[in-house]
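Each remark here refers to the structure printed beneath this line.
Readers should treat all values here as calculations from the given coordinates under stated rules, not as data from a laboratory. Since the structure is predicted, the reported quantities are computational estimates derived from the model, not experimental observations. Please note: Cβ atoms are built from the backbone with ideal geometry, for glycine as well, and neighbour counts cover all protein chains shown.
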Amino acid sequence: MEIKVLGPGCKKCKATKEAIRQVVEELGLDIQVDEVTEMGEIMKYNVLTTPGVVIDGKVVSKGKVPDKKEIRSWLQS
């Protein structure tokens, strides 16, 4: 599984990455969470409001910090 957090490195982007990292750790998964800060790369996913979350190439969230329950549902499906 590949997870990317899209955004310029703002507070919400950092909070999103940290929340995902915590859930990954809680579930005992071995998944790396990458940050994508290059606007050209972010635009490839058609994300206009950040943070965006991409799992295995599919945008699952944009414009908000997802809660842990939502993150768990992505990782366990």
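For this structure, a couple of remarks:
- Matching residues, segment 34-58, being closer than 16 Å to GLN76 by Cα and surrounded by 11 or more Cβ atoms within 10 Å (Cβ to Cβ): VAL53, VAL54, ILE55
- Tally, over segment 18-32, of residues that are buried (at least 17 other Cβ atoms within 10 Å of the Cβ) and within 17 Å of GLY7 (Cβ to Cβ): 2
- Residues of segment 5-16 that are surrounded by fewer than 22 Cβ atoms within 10 Å (Cβ to Cβ) and in contact (Cβ under 8 Å) with a residue 24 or more places away in the chain: PRO8, GLY9, CYS10, LYS12, CYS13, ALA15.
- Filtered residue count, segment 59-77, keeping only those that are surrounded by 14 or more Cβ atoms within 10 Å (Cβ to Cβ) and within 20 Å of GLY9 (Cα to Cα): 8
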